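Report on the structure given below.
Just so it is clear, none of the values below were taken in a lab; they were calculated from the coordinates. All values reported here derive from a predicted model rather than from experimental measurement. Please note: Cβ atoms are built from the backbone with ideal geometry, for glycine as well, and neighbour counts cover all protein chains shown.
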Ligand code: G3P
Ligand code: MG
């Protein structure tokens, strides 16, 4: 049966990438949580999707140009404004405190496609090691150089290549680069594509699976893990 991961936490119902969304995902019993990590001006690891804070908070500016203190003054509830009080941008450390004693798998997406955030891989891995949760992490990134840097620093931590493109032989591409997981956009998956990735020996973790019919279709194809905004729907369908 496909594993169930909450995308940006339980983001279909709560403000994305906030502690509230992560807590609610844990409460309903997901197998894992996907989240997005950027680096602040003062080199702190924070959880937010965009490079710019504008869409998800009540502020504006780039994460890379702001200190943690400045970012902490913002309310990251903009996707559900007024419904759940004030929800600050979480640090990765705050998130690890929440899940460190659970079985939750964390898919850390390093958001290095626009700004590479020199040192983000090392800083993230240092923190994972500090918490001793190496076996409960999957790294992913659309920047495949980032994924390879993670391998260089900590080959024991599982990693995946993200893609939103319709690639030929993505399983082969992934396996040949010593990466264990394919993280394709779910729309690009057919049975043939799924079988290619599995034949190459890859685990398939696909996103962003929100509709009931997609949950059924992808699960029936044997996809290993579905990452979606409504983990409640996946639990209802698959368990
Ligand atoms: O990691 C899966 C998915 O989150 C990738 O796209 O834009 O939602 O971070 P995005
Ligand atoms: Mg993401």
Within segment 87-98, residues touching a residue at least 24 places away in the same chain (Cβ under 8 Å) and part of a helix (DSSP H, G or I) come out as 92, 93, 94, 95, 96, 98
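Condition check ((1) touching a residue at least 12 places away in the same chain (Cβ under 8 Å); (2) out of contact with any helix residue (DSSP H, G or I) (no Cβ under 9 Å at 6 or more places or on another chain)) across all residues:
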{"position": "27", "(1), (2)": "no, yes"}
{"position": "30", "(1), (2)": "yes, no"}
{"position": "37", "(1), (2)": "yes, no"}
{"position": "44", "(1), (2)": "yes, no"}
{"position": "68", "(1), (2)": "yes, yes"}
{"position": "72", "(1), (2)": "yes, yes"}
{"position": "77", "(1), (2)": "yes, no"}
{"position": "85", "(1), (2)": "no, no"}
Counting only residues that are within 16 Å of ligand 1 (Cβ to nearest atom), in a loop (DSSP other than H, G, I, E, B), more than 13 Å from the chain's Cα centre (by Cα) and more than 24 Å from residue 120 (Cβ to Cβ), segment 1-30 contains a total of 4
Scanning segment 38-77 residue by residue, the ones that are part of a strand (DSSP E or B), more than 20 Å from residue 125 (Cβ to Cβ) and within 16 Å of ligand 1 (Cβ to nearest atom) total 1
>> Could you go through segment 73-90 and let me know if any residue there is within 16 Å of ligand 2 (Cβ to nearest atom), surrounded by fewer than 19 Cβ atoms within 10 Å (Cβ to Cβ) and over 24 Å from residue 27 (Cβ atoms).
In response: no
How many residues of segment 118-142 are buried (at least 19 other Cβ atoms within 10 Å of the Cβ), within 15 Å of ligand 1 (Cβ to nearest atom) and in a loop (DSSP other than H, G, I, E, B)? The answer is 0
Residue hits (segment 105-150; touching a strand residue (DSSP E or B) at 6+ places or on another chain (Cβ under 7 Å), within 16 Å of ligand 2 (Cβ to nearest atom) and touching a residue at least 60 places away in the same chain (Cβ under 8 Å)) are 105, 106, 107, 108, 109, 110, 111, 117, 120, 124, 138, 140
Restricting attention to segment 63-71, does a residue exist that is over 24 Å from residue 116 (Cβ atoms) and within 16 Å of ligand 2 (Cβ to nearest atom)? no
The one condition residue 218 fails out of (1) within 30 Å of residue 46 (Cβ to Cβ); (2) within 16 Å of ligand 1 (Cβ to nearest atom); (3) in contact with a helix residue (DSSP H, G or I) (Cβ under 8 Å, 6 or more places away or on another chain) is (1)
The one condition residue 114 fails out of (1) part of a loop (DSSP other than H, G, I, E, B); (2) in contact with a helix residue (DSSP H, G or I) (Cβ under 8 Å, 6 or more places away or on another chain); (3) within 17 Å of residue 47 (Cα to Cα) is (2)
